[in-house]
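Notes follow the structure.
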Amino acid sequence: MVELSQAAAGLLRKGFAGDTLNTAWYARACLPGDWSVDYCTALGDDAMSDEMVAFFNEAGIGTTSIRRIKGKAPGLYMISLKDGERSFSYWRDNSAARQLAADADFLRQAIEGADVVYFSGITLAILSRDDADTLLSEARRAKASGKLVAFDPNIRPRLWSGYDEMHATISEGARAASLVLPSFEDEALHFGDVSIEATIHRYRALGVRDVVVKNGADGITLDFDGEETFVPAERVEQVVDTTSAGDSFNGAFIAHYLEAKDAPASARFAAKVAARVVSEHGALVAKDKLGV
Ligand code: ADP
C-alpha cells in the first residue's frame, strides 16, 4: 500500500508498506544474494503503481509475479498523529491488490516458481471468497509438494465481515501452511486462547507442523520439529515504533531458517532484527541499521 505520514505541518511524506511487503523486505535484507525474493500481488497501470514497482526493484525484491490491472490503483493509508497517538485512515476498498488471486493461472505460476511461500490473514481478508479459495488451494498444493508454506494469521477484525468468517478462513489459512507464526496477543483476544500452549495446540490440531508464537517483549515460544523451545526477546533501550515488529520477525526468521535449518537460532536472530526495527521509525528499516 501507499503510506502517507505527517512530514511537517501541512506536508505529507509518501512511503510504501503493508504486512506481506514488510516481510518480503526483511527476508530480502537477511537472505544471501543467491536467494531471490519475489512479491506476488496486483497493481494498477497508474503512475503510483509504476513507482511501487521501481521501489521494489530498487530494494532487490522481484516484480515478475506482480500482475498489472488496467484502470486500477494501489490501496492507500494515512497515519495521523494526535497527542502522540497514531490513528489510521484507509482507502483500499477498490485496491488492485484485492485482485491478486483473481487470475488463477498467474497465481499458480508464481507459487509453482517458488521454493517458499508466505501469506497472511490480511492477504485472505482482502480477497473475495472465491479468490481466497483459489489462494488456499494453491497453498495446499505447495504444502503437499513439500514446500515451506508460512502463514501469519495477522488478525484484523475490521477487514472481515464477521467473526465466524474470520475464524473459519484464518483456520483454513493455517491448515494450508506448514509453519504458522501467530502473535499471542491477537490470538488471545480474537480466538480466546488462555495461554501460548493453547495457541500452539489449536494450530497443531489443524495439521500445522511447526508453530512459532511471538509475544512482544515477552519472547517467543517455538513448537518446531516436535520440540518446544522458549527464546527471550532482545532488550530494547527505547521502543520508538512497533510497526512491522511481527512482519520483520517473520522475514528474518524464515531467511535465517532457510540457511541454518535451526529454528531456535533463527528465532534468536529474528528477535535481534525485530528489536532493531522497534527502535527505529517506520515499517521498512534499512538493511544497514539491522545489524545483519
Ligand atoms: P506483532 O507486531 O505481530 O504484534 P509482536 O508484538 O509479538 O508481534 O512482536 C514481534 C517480535 O518483535 C517479538 O517476538 C519480539 O522479538 C520483537 N519485539 C516486539 N516488541 C518488542 C519489545 N518491546 N522489546 C523487544 N522486542 C520486541
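The values are calculated or read from the model by the stated rules, or taken from the named source; none is laboratory data. Treat the numbers as computed from the prediction; the structure is a model and nothing was measured. Note that each Cβ is placed from the backbone with ideal geometry, even for glycine, and that neighbours are counted across all protein chains shown.
Computed quantities for the displayed model
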quantity: Qualifying residue in the stretch 78-91 (condition: β-branched (Val, Ile, Thr) and over 24 Å from LEU179 (Cα atoms)); calculated: yes
quantity: Flag if GLY246 is modelled with pLDDT of 95 or more, closer than 20 Å to GLY15 by Cα and touching a Lys or Arg at 6+ places or on another chain (Cβ under 7 Å); calculated: yes
quantity: VAL231 being surrounded by fewer than 22 Cβ atoms within 10 Å (Cβ to Cβ) and touching a strand residue (DSSP E or B) at 6+ places or on another chain (Cβ under 6 Å); calculated: yes
quantity: Residue in the stretch 55-64 that is buried (at least 17 other Cβ atoms within 10 Å of the Cβ) and among the acidic types (Asp, Glu) present; calculated: no
quantity: Yes/no for VAL149 being within 16 Å of the ligand (Cβ to nearest atom) and either buried (at least 22 other Cβ atoms within 10 Å of the Cβ) or small (Gly, Ala, Ser) (or both); calculated: no
quantity: Matching entry among GLY282, GLY207, GLY226, GLY219 (being surrounded by fewer than 20 Cβ atoms within 10 Å (Cβ to Cβ) and closer than 24 Å to GLN6 by Cα); calculated: GLY282
quantity: Test: residue in the stretch 12-21 that is under 16 Å from the mean Cα position of the chain (by Cα) and of a type in the set (D, E, K, R); calculated: yes
quantity: Members of the stretch 82-114 found to be among the small types (Gly, Ala, Ser) and in contact (Cβ under 8 Å) with a residue 12 or more places away in the chain, listed by number; calculated: SER89, SER95, ALA96, ALA97, ALA101, ALA102, ALA104, ALA110, GLY113, ALA114
quantity: Filter result for SER178 (in contact with a helix residue (DSSP H, G or I) (Cβ under 7 Å, 6 or more places away or on another chain), under 20 Å from ALA270 (Cβ atoms) and either of a type in the set (A, V, I, L, M, F, W, C) or within 9 Å of the ligand (Cβ to nearest atom) (or both)); calculated: no
quantity: Test for ASP164: is it surrounded by fewer than 22 Cβ atoms within 10 Å (Cβ to Cβ), within 19 Å of the chain's Cα centre (by Cα) and closer than 30 Å to GLN99 by Cα; calculated: no
